[in-house]
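Accompanying notes for the structure given below.
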Amino acid sequence: MLLNQTELISQRQSLQDMAEFGSVIFLYFFVDRLDILLSTSKHYNRDVFYFIYSIIIIMGISSSLQTLPSSSIVLHRSQTEEWKGWMQILFIMYHYFAAAELYNIIRLCVASYVWMTGYGNFIYYYKHSTFNFNRFLQTMWRLNFLVFFACLALGNRLMLYYICPMHTLFTVLVMACLMIAPRLNESSFGIWAKFFVCFLFIFIVWEIPTVFEAFWWPFHWLLGFSPGDPTKSTLNEWFIRSGLDRYIWIHGMICGFLHPYVSNLVTRLEALPTLRRTIIRTIVFTLCIIIGSFYYVCVLSKPRKQYLKLHAYTSWIPISLWIILRNSTPTLRKRHVRLLGWIGCITLETYISQFHIWMMTRKPDGKPLVNLQILSRKYPLLNFLLATMIFIGVSWRLFILTVRLKCIAIPNDADNRLLWRNLLLLITFCGSIYLSVVGVMSLSDVLSKNGRLTSGAEPKDMMVATAVKAAVGIKND
């Protein structure tokens with residue numbers, strides 16, 4: 001192929017996509033690691049935060065409100081994309097402005113993403129009853145392609161982008177739930193039995209720390225991460241992140257299973273006389289307000305540590321209430337905001353890109369403590385606007401490139417032979433890149449240590465440091 005001009009011309013678009021993707025990954029490194037561009041500290045002003053967020057929502061509703069032809073479809077694809085969109089805007093703004101007071105709400109947003117993982121994947125696999133290798137590889141590509149190269153280029157661990165392994169885990173669990181003993185999928189009893197087994201599995205693994213450590217220890221090289229506290233288990237961060245939403249994906253599957261029954265119920269409700277329909281909606285709305293108020297007072301308004309103890313067992317309540325209210329009338333069901341849905345399509349790209357071209361971490365596995373500064377600090381809002389335009393534009397291009405390259409590597413109509421060939425080539429290519437990066441980093445560490453050893457005064461400092469560490473170790477023992 002490399003010597004065939006005709007073949008090169010036919011693959012021009014693919015080669016351009018690869019080159020553009022590599023350029024964006026280099027942009028990550030250029031902005032976040034080279035210390036060439038300026039940075040500015042984060043500043044949270046509640047009034048400014050909610051003003052910007054409200055403007056985005058109002059602009060979306062006024063300029064991109066769309067209507068579906070049918071009002072009987074409950075929680076359709078456009079509506080879930082819109083849901084992801086307004087949550088993602090809140091999520092990235094929370095990071096950009098360091099809006100710590102919104103922490104509990106952001107945890108609910110993350111739980112909602114995991115809920116949609118269970119809901120969407122269950123509906124697809126339950127409806128089509130197909131568990132082909134092609135679909136699995138495409139899903140894994142979508143979730144992990146960008147984060148793989150981001151980790152390699154920036155020297156970060158996977159757990160810095162914990163959303164990716166978390167969604168990968170729950171996607172695999174949904175597939176396993178339906179793929180194992182597929183005959184049980186044909187009866188309601190079999191499906192509910194599978195839900196119970198999933199709940200039991202999660203309970204045993206996550207509620208018993210020793211079982212969790214034993215179960216995940218073979219993957220500690222991939223999921224291990226203990227920022228700032230080496231005394232903790234390397235799996236402690238994974239235990240916290242995945243454990244917060246360990247049950248909500250099962251609730252998503254349950255909602256996916258009940259979706260046809262709920263749609264039928266909604267159709268029957270719309271056929272009732274106007275008075276009875278209004279009374280029922282009023283009762284449902286009132287109950288939602290009462291339950292939501294109770295949840296806010298008893299759970300959501302609690303301090304961070306107290307809230308986290310309740311989150312895994314209560315996050316299904318506000319999610320259920322939102323679904324009910326969002327689909328309570330034909331007008332609400334039919335309409336969706338396309339701008340928010342568009343943002344919802346690029347949640348993965350905006351999640352990863354925010355740390356490196358909108359904000360800055362400045363070091364491997366670092367937190368995004370500062371924001372990118374393009375204009376003078378005298379104009380923070382204009383700087384926010386310009387940086388956001390670049391950030392969203394790059395994220396959209398990454399989404400397009402990820403989809404295009406996925407279609408090249410894992411075609412929809414590919415047979416098993418082609419899939420295995422492409423998979424082998426991908427593993428070889430990614431493995432060679434990974435080993436090259438590890439080799440360069442190891443060589444850099446060795447040269448750095450040798451440089452310190454030959455610098456004259458350094459050995460004395462190292463001896464002092466070693467003595468201090470030894471003394472501390474003796475004292476601790």
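The values are calculated or read from the model by the stated rules, or taken from the named source; none is laboratory data. What you see is a predicted model, and the numbers here were worked out from it, not measured in a lab. So basically every Cβ, Gly included, is an ideal-geometry build from the backbone, and we count neighbours across all protein chains shown. Just the protein is used for accessible areas: all its heavy atoms, side chains included, with ligands, DNA and RNA removed. Shrake-Rupley method; radii C 1.70, N 1.55, O 1.52, S 1.80 Å.
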(message) Could you check the range 386-418 and list, in sequence order, the residues that are open to solvent by 40 Å² or more (accessible area, probe 1.4 Å) and over 30 Å from residue 56 (Cβ atoms)?
(response) 407, 408, 412, 413, 415, 416, 417, 418
(request) Output the residue which, of all residues in the range 255-277 that are touching a residue at least 60 places away in the same chain (Cβ under 8 Å) and among the hydrophobic types (A, V, I, L, M, F, W, C), is surrounded by the most Cβ atoms within 10 Å (Cβ to Cβ). (result) 255
(request) Have a look at 357, 343, 319, 280 and point out the one that is part of a helix (DSSP H, G or I) and open to solvent by 60 Å² or more (accessible area, probe 1.4 Å). (result) 280
(request) Run residue 352 past the list (1) assigned to a helix (DSSP H, G or I); (2) open to solvent by less than 40 Å² (accessible area, probe 1.4 Å); (3) more than 17 Å from residue 154 (Cα to Cα); (4) modelled with pLDDT of 85 or more and report the number of the one that doesn't hold. (result) (3)
(request) Among the residues of the range 180-206, write down those that are farther than 24 Å from residue 243 by Cα and small (Gly, Ala, Ser). (result) 181, 187, 188, 190
(request) Could you check residue 43 against (1) modelled with pLDDT of 95 or more; (2) touching a Phe, Trp or Tyr at 6+ places or on another chain (Cβ under 8 Å); (3) not basic (Lys, Arg) and say which number it fails? (result) (1)
(request) Answer with yes or no whether residue 49 is in contact with a helix residue (DSSP H, G or I) (Cβ under 8 Å, 6 or more places away or on another chain) and either among the charged types (D, E, K, R) or under 16 Å from residue 350 (Cα atoms) (or both). (result) no
(message) Take residue 224 and tell me if it is modelled with pLDDT under 95, buried (at least 18 other Cβ atoms within 10 Å of the Cβ) and over 23 Å from residue 104 (Cα atoms).
(response) yes
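Results for (1) over 13 Å from the mean Cα position of the chain (by Cα); (2) open to solvent by 40 Å² or more (accessible area, probe 1.4 Å), shown as yes or no for each residue.
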site: 79; (1), (2): yes, no
site: 90; (1), (2): yes, no
site: 93; (1), (2): yes, no
site: 99; (1), (2): yes, no
site: 107; (1), (2): no, no
site: 114; (1), (2): no, no
site: 123; (1), (2): yes, yes
site: 127; (1), (2): yes, yes
site: 135; (1), (2): yes, yes
(message) When you scan the range 48-68, do you find a residue that is surrounded by fewer than 18 Cβ atoms within 10 Å (Cβ to Cβ), farther than 24 Å from residue 171 by Cβ, among the small types (Gly, Ala, Ser) and touching a residue at least 40 places away in the same chain (Cβ under 8 Å), even just one?
(response) yes
(message) Filter the range 371-385 down to the residues that are open to solvent by 80 Å² or more (accessible area, probe 1.4 Å) and not in a helix (DSSP H, G or I) and list them by number.
(response) 377, 378, 379
(request) Go over the candidates 85, 22 one by one and state the one that is surrounded by 14 or more Cβ atoms within 10 Å (Cβ to Cβ) and either on the phi < 0 side of the Ramachandran plot or free of Cβ contacts under 8 Å to residues at least 12 places away in the same chain (or both). (result) 85
(message) Looking at residue 368 and the list (1) in a loop (DSSP other than H, G, I, E, B); (2) surrounded by fewer than 18 Cβ atoms within 10 Å (Cβ to Cβ); (3) at pLDDT 90 or above, which single condition is not satisfied?
(response) (2)
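For the range 147-157, give me the residue count where each residue is within 23 Å of residue 88 (Cα to Cα) and either over 12 Å from the mean Cα position of the chain (by Cα) or open to solvent by 30 Å² or more (accessible area, probe 1.4 Å) (or both).
6
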